[in-house]
Amino acid sequence: MVRLTNRRQSGPNWRCNVGPRIEKQLKKHAYISHDYRVINSSNNIFEIQSRGVACASDVVAAHSVSLEVRTCTCKRWNISRVPCGHAMAAIHSKGLRLDDFVHEYFTKDTYMKAYDPIMFPIAGVAEWDKIHRPIAPYLYRSQPGGSKCQGAKNLVSYPSS
Ligand SMILES: [Zn+2]
């Protein structure tokens, strides 16, 4: 209950549209993306070249980014759904908004929806209603095609009324 309340209160304090952890990743990727050279293949497909440290003109690696499918051959964007440095270089070269390419799972709206339901407090045991009958364990019925494991034999079976 405390954790839900804390998270519900922290969401509106986020500095941008994504959470602090994702914001940190995006800053790191943005820093890296400045070293990349972006070459258009089509309107939404790019080749991203990185240069060697020893000689600035040597291309040591190249990746393919698709902004439409939201993938990069380095696989970081495909797996994490947070644009990698290659994707950010392509996004910035087109003058597009980065927020439009971060998965909606990481947005403030989704976070607030996840923690919107509240958990109601319950009264102490002394305030509970008294029940003056034994509480029986649940009725066990074998399901057709169900598990034939040994553990099921130990369960008490009650006839249905
Ligand atoms: Zn990448």
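Ordering 9-18, 75-84, 118-127 by mean Cβ neighbour count within 10 Å, with the highest value first, yields 75-84, 9-18, 118-127. In this simple spin-label model, placing a label point 7 Å from the Cα along the Cα-to-Cβ direction at both ASN17 and ARG70 gives a separation of 1.2 nm.
What trypsin sites (Lys or Arg not before Pro) does region 106-147 have in DSSP loop regions with at most 14 other beta carbons within 10 Å?
Numbers: sites: LYS108, LYS113, LYS130, ARG141; in loops: LYS130, ARG141.
Hits after loop and neighbour filter: LYS130, ARG141.
Shape analysis of the chain based on the Cα gyration tensor places the equivalent ellipsoid semi-axes at 54, 25, 13 Å, largest first. Note down the relative contact order for the chain as a percent, whole number, built from C-alpha pairs under 8 angstrom at least six residues apart. Relative contact order comes out at 21 percent. Residue separation of SER142 and ASP100 scaled by 0.36 nm, minus their Cα-Cα distance, works out to 10.0 nm of gained length. What the Cα convex hull of region 1-92 gives, in volume per residue, is 117 Å³.
Projecting label points 7 angstrom from Cα along Cα→Cβ for TRP128 and SER10 puts them 3.2 nm apart. Hey, got a sec? Which GluC sites (Glu not before Pro) in region 1-87 land in a DSSP loop and have at most 13 other Cβ atoms within 10 Å? The qualifying sites are GLU68. With the simple spin-label model, which puts each label point 7 Å out from Cα in the Cβ direction, the SER41 to SER80 separation comes to 2.2 nm.
Bear in mind these aren't lab numbers, they're just calculated from the coordinates by the rules spelled out. Since this is a predicted model, take the numbers as computed values, not measurements. For neighbour counting, all protein chains shown are included, and Cβ atoms are generated from backbone atoms with ideal geometry for every residue, glycine included.
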